[in-house]
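Peer 1: Quick one: the structure is below, questions incoming.
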Amino acid sequence: MVIAALHDLIDPAAARRIVLKIGSSLLVDGAGCPRAEWLESIAGEIADFRAAGREVVVVSSGAIALGAARLGLERGGRGSLADAQAAASVGQIALASLWSEKLAARGLTAAQLLLTLDDLEDRRRYLNASSTLARLLESGAVPVVNENDSVATQEIRFGDNDRLAARVAQAVRADAVLLLSDVDGLFDRNPREAGARLVPVVDGIDDAVRAMADGGSASGLGSGGMTSKLQAAEIAERAGIALAIVNGTHRAPIGRALEGGVGTVFLPRRRDGARKAWLGGRLRDRGALVVDVGCAAALAQGGSLLAAGITAVEGAFERGDLVAIRDPAGAAIARGLAEYGAAECHALKGLRSADHARVLGYAPRAAVVHRDHMVML
């Protein structure tokens, strides 16, 4: 079944495997206490999904907020990286206990998986995480995933669980992602403004859609806003995964949103192969290669990136690192794994293949970025 509207996600045939992302402000109140009744209602909805033969992976925020309350840290534990790490260390125990208790009351087994950005950026570790999640689902467990904030530094953090949810959805080959928010979905302007209208369906994110987003987190407890949700939707849509933003502030919010069709669904645009979906969803480029107009056109037709089309090299990357490929205007048009380091790319840029052996002093490779290791954006 093709997903064309939010209501379609009710059908198990359309979305058998779902990733459910829950933000801090939904799970924890302003005093840092868990919203137990609300969490019980979510556990009930997860149990209903499971009874219908569907599989659910939960991406849950809340550890920092819970831990900060217990440690008495200001600003919800987000005053500094050290505060966030300390709060997460305490809060992860409380968060895991909450999920275990509420799901067990519904006859379900919770499993905890803590991830950092590097766990999903490194191919081998990504496959390991994917395998673990698949085995947990096969065994009937409900994986509860969170960013491992107790060890993550600014350089290796997702920074929000919206994008983490999209990457987890890739790893488990989910059909849909549900992002529970404190608003009904994406509005055509700030929803606090008079006349703001809910956008029910987005068929491809472009500059006009991005202009609708508000980058702030209204509650002050979380780290994501609408901008991070659009970034998550872009990751999902390239992997053939539908992503929906719905209001999670109500009791049993999933049924309310899906049955009433209240929310925004971002339609999947294409289904890249597993490796290319992983490449397209990676978040940290090591550098960039700027190409001329002719090269950009050749890439769009499925060609590999050759040195002759490169006009500039940015960053300090090594062979095998992920690099962005930009057009003359600076827009990212592709992403791929470099066959040469930055120094070699500087030496080769603008040169035809016949000149490469003379410049390098050894037999050149077929391309700077081969099409098999590149994904168009």
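Peer 1: For residues that are outside any helix (DSSP H, G or I) and free of Cβ contacts under 8 Å to residues at least 60 places away in the same chain, tally how many sit in the range 175-207.
Peer 2: The total comes to 12.
Residue-by-condition table, conditions (1) touching a helix residue (DSSP H, G or I) at 6+ places or on another chain (Cβ under 6 Å); (2) not hydroxyl-bearing (Ser, Thr, Tyr):
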residue	(1), (2)
41	no, no
62	yes, yes
98	no, yes
103	yes, yes
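Peer 1: Let me ask something else. Which of the numbered conditions does residue 281 fail, given that it passes all the others? Conditions: (1) surrounded by fewer than 20 Cβ atoms within 10 Å (Cβ to Cβ); (2) at pLDDT below 95; (3) closer than 29 Å to residue 166 by Cβ.
Peer 2: (1)
Peer 1: Now for a different question. Select from the range 343-358 the residues that are surrounded by fewer than 21 Cβ atoms within 10 Å (Cβ to Cβ) and on the phi < 0 side of the Ramachandran plot and list them in ascending order.
Peer 2: The answer is 343, 346, 347, 349, 351, 352, 353, 354, 355, 357, 358.
Peer 1: Is at least one residue of the range 332-346 of a type in the set (Val, Ile, Thr), more than 26 Å from residue 270 (Cα to Cα) and touching a helix residue (DSSP H, G or I) at 6+ places or on another chain (Cβ under 8 Å)?
Peer 2: no
Peer 1: Filter the range 136-173 down to the residues that are at pLDDT below 90 and among the hydrophobic types (A, V, I, L, M, F, W, C), then identify the one that is surrounded by the most Cβ atoms within 10 Å (Cβ to Cβ).
Peer 2: By that ranking, first place goes to 158.
Peer 1: Hey, another quick one. Quick one: which of 18, 46 is part of a helix (DSSP H, G or I), within 22 Å of the chain's Cα centre (by Cα) and not small (Gly, Ala, Ser)?
Peer 2: Among 18, 46, only 46 is part of a helix (DSSP H, G or I), within 22 Å of the chain's Cα centre (by Cα) and not small (Gly, Ala, Ser).
Peer 1: Say whether the condition of being among the acidic types (Asp, Glu) and part of a helix (DSSP H, G or I) is met by at least one residue in the range 50-57.
Peer 2: no
Peer 1: Suppose we filter 293, 313 for residues that are free of Cβ contacts under 8 Å to residues at least 40 places away in the same chain, more than 24 Å from residue 162 (Cβ to Cβ) and in contact with a Cys (Cβ under 6 Å, 6 or more places away or on another chain); which single one remains?
Peer 2: Within the list 293, 313, the selection yields 313.
Peer 1: Still on this structure: From the set of residues in the range 68-79 that are of a type in the set (Gly, Ala, Ser) and within 24 Å of the chain's Cα centre (by Cα), which is nearest to residue 32 (Cα to Cα)?
Peer 2: Out of the qualifying residues, it is 76.
Peer 1: Quick one: would you say residue 69 is of a type in the set (Gly, Ala, Ser), buried (at least 16 other Cβ atoms within 10 Å of the Cβ), touching a strand residue (DSSP E or B) at 6+ places or on another chain (Cβ under 6 Å) and assigned by TED's automatic domain parsing to the domain that holds residue 149?
Peer 2: When the stated conditions are applied, residue 69 does not pass them.
Peer 1: Hey, residue 4 hits all of (1) surrounded by fewer than 22 Cβ atoms within 10 Å (Cβ to Cβ); (2) part of a helix (DSSP H, G or I); (3) not charged (D, E, K, R) but one; which does it fall short on?
Peer 2: Against the list (1) surrounded by fewer than 22 Cβ atoms within 10 Å (Cβ to Cβ); (2) part of a helix (DSSP H, G or I); (3) not charged (D, E, K, R), residue 4 comes up short only on (2).
Peer 1: Now a separate question. Show me the helices (runs of 4 or more DSSP H) entirely contained within the range 268-370 in which 1 or more residues are closer than 30 Å to residue 241 by Cα and among the basic types (Lys, Arg). Working first, answer last.
Peer 2: Details: elements: 274-281, 293-300, 342-348, 356-360.
Per the criteria, 274-281.
Peer 1: I'm told residue 247 meets every condition in (1) touching a Phe, Trp or Tyr at 6+ places or on another chain (Cβ under 9 Å); (2) not assigned by TED's automatic domain parsing to the domain that holds residue 372 except one. Can you identify the failing condition by its number?
Peer 2: (1)
Peer 1: Restricting attention to the range 101-123, and to residues there that are without any contact (Cβ under 8 Å) to a residue 12 or more places away in the chain and over 18 Å from the mean Cα position of the chain (by Cα), which single residue is surrounded by the most Cβ atoms within 10 Å (Cβ to Cβ)?
Peer 2: The extreme case among them is 101.
Peer 1: Additional query: What about residue 294, is it more than 18 Å from residue 14 (Cβ to Cβ), outside the structural domain of residue 167 (by TED's automatic domain parsing) and touching a helix residue (DSSP H, G or I) at 6+ places or on another chain (Cβ under 7 Å)?
Peer 2: Yes: the conditions hold for residue 294.
The values are calculated or read from the model by the stated rules, or taken from the named source; none is laboratory data. Bear in mind that the values here come from a model prediction, so they are computed numbers and not experimental data. Ideal geometry is used to build each Cβ from the backbone, glycine not excepted, and the neighbour counts take in all protein chains shown.
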